[in-house]
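Okay, structure first, notes after.
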Amino acid sequence: MAKPSQRQKNALEAKTVCFFNNKGGVGKTTLVANLAAELSLNHNMKVLIIDADPQCNLSQYVLPDEDFISAYYNEGSKKLAEPETIFSVIRPLSLGKGYNPNLPIRHIKEFGIDVIIGDPRLALHEDLLAQDWREAKAGGIRGLRTTLVFHNVILQARKSYDYIFFDMGPSLGAINRAILLAVDYFVVPMAIDIFSSWALKNIGEAVKLWEKDLAYGLSNSEFPSEVPSFSKKNLKFVGYVTQQHKERSRDGNARIVEAYEEISKKLPAVVKQQLNTFYPSSMNPHLGEIKHLASLAPKSQTLHQPMISVKAKGSFTVSRKQAREIYQALAARFFENIDLLAAQK
Ligand SMILES: Nc1ncnc2c1ncn2[C@@H]1O[C@H](COP(=O)(O)OP(=O)(O)OP(=O)(O)O)[C@@H](O)[C@H]1O
Ligand SMILES: [Mg+2]
């Protein structure tokens, strides 16, 4: 028998990762977009990002301005356009039409990635997902099908990508529950403050409960063949990324302000305590620290380019180099932990 070719051996089967913290503004969107760009542009990975945050910040970041506006409004009219967004994935379910077989995927050249762009109308469907969750837990077909909507998106796209990332809004609501139940892995972006470390406790407790409820619902489903096949293992924790506040220069040296240092030192113990059931004790869950990159962040937003390839001169040359070093190191640690987790039985 012929040996399988390299391509067959490396057949695409996406690892699915969500980036979550129910504390807002901790740099989730910036991290998702820039890590995805690093994996694609420097590691030749095929990455799809699903913008599942009704704020649509990720879509606004990566899409050129004219594409962002035309995605939501028909030309010349103020009417909302027919959705070529995440809304078209959810809407048919709310109309009782089942899953949409065509995913609205578009390519973003500057970031080297594909995206399903977000939609503010997704917020309207938080209620649908919340109501149907009650039914899902009892084994109701409609409830299970709605709850598994993102799982079904993954089944549709999985064979075309190395990674599927989800950017999420800062809440433990129904949309995020459906995502956390659908993906294999999660990353927690964190600010160095006690609020964002509380998020670790919330997520750990919530996920365990939801996984149990969903398993119960699936085992009690009257018509299992009507529900997408679900053989996913429990969610695993890839690690956390800390975002550094601005550095203060003292004696000519840049240092972390002491109060932050205090919290920062306690973080490893807090992570271990709250999330130890989501990763093996041999894994170091701290993926890295992202320095405050000053005006490189807003510049990359206005240019719709990843921070590692912002085409601007002057002080940006220095911060772009820093961004490259940060994301290179982050990608290496990300791969290391993903490999370790994927090798686990
Ligand atoms: N490394 C960085 N250096 C400088 N500014 C940054 C950095 N990372 C993020 N920011 C800025 O911090 C702000 C919040 O970032 P971002 O939108 O990524 O957070 P978020 O967690 O996704 O927020 P939300 O909870 O609203 O979704 C943005 O204005 C962004 O430009
Ligand atoms: Mg965000």
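Observations, loosely collected:
- Nearest-20 debye value, the chain charge dipole, Cβ charges on Lys, Arg, Asp, Glu: 700 debye
- Accessible carbon and sulfur surface of the chain relative to its total accessible area, %, 1.4 Å: 52 percent
- Span-rule helices in the chain, defined as complete DSSP H runs reaching 18 Å or more along the axis (Cα) with Kyte mean at least 0.0: 28-43, 194-219, 315-343
- Total formal charge among the other residues, if their Cβ is under 10 angstrom from that of Gly143, Lys/Arg +1 and Asp/Glu -1: +2
- Once the 1.4 Å probe is applied to the protein heavy atoms, region 91-225 comes out at 41 Å² accessible per residue.
- Model label points for Asn44 and Thr277, set 7 angstrom from Cα along the Cα-to-Cβ axis, are 4.1 nm apart.
- Within the chain, antiparallel bridges make up roughly 20 percent of the DSSP beta bridges whose residues both belong there.
- When the chain is treated as a Gaussian network with alpha carbon springs shorter than 10 Å, the biggest mean-square fluctuation among Ala191, Ala259, Ala215 belongs to Ala259.
- Region 197-247 versus region 137-153: alpha-carbon centroid distance in Å: 14 Å
- Out-of-range pairs (alpha-carbon distance over 30 Å; input Lys236/Lys311; Lys109/Lys233; Lys109/Lys345; Lys46/Lys345; Lys97/Lys345; Lys265/Lys321): Lys236/Lys311; Lys109/Lys233; Lys109/Lys345; Lys97/Lys345
- GNM top mover of Tyr327, Tyr72, Tyr185 - the chain, alpha-carbon springs below 10 Å: Tyr72
- The helix-only estimate of mean residue ellipticity at 222 nm for the chain, built from DSSP H runs of length n ≥ 4 each weighted as -39500 (n - 2.57), is -14500 deg cm²/dmol after division by the residue total.
- For the pair Glu211 and Lys266 in one chain, pulling the backbone fully straight at 0.36 nm per residue adds 16.9 nm over the alpha carbon distance.
- Rounded if a/c under 1.5, otherwise prolate or oblate - region 7-149, Cα gyration tensor axes: oblate
The values are calculated or read from the model by the stated rules, or taken from the named source; none is laboratory data. For clarity, every value in this text was computed on a predicted model and none was experimentally measured. Heads up, the Cβs are rebuilt from the backbone with ideal geometry, glycines too, and the neighbour counts pull from every protein chain shown. Each accessible area value is taken on the protein alone, full model and side chains, heavy atoms only, with ligands, DNA and RNA left out. Shrake-Rupley method; radii C 1.70, N 1.55, O 1.52, S 1.80 Å.
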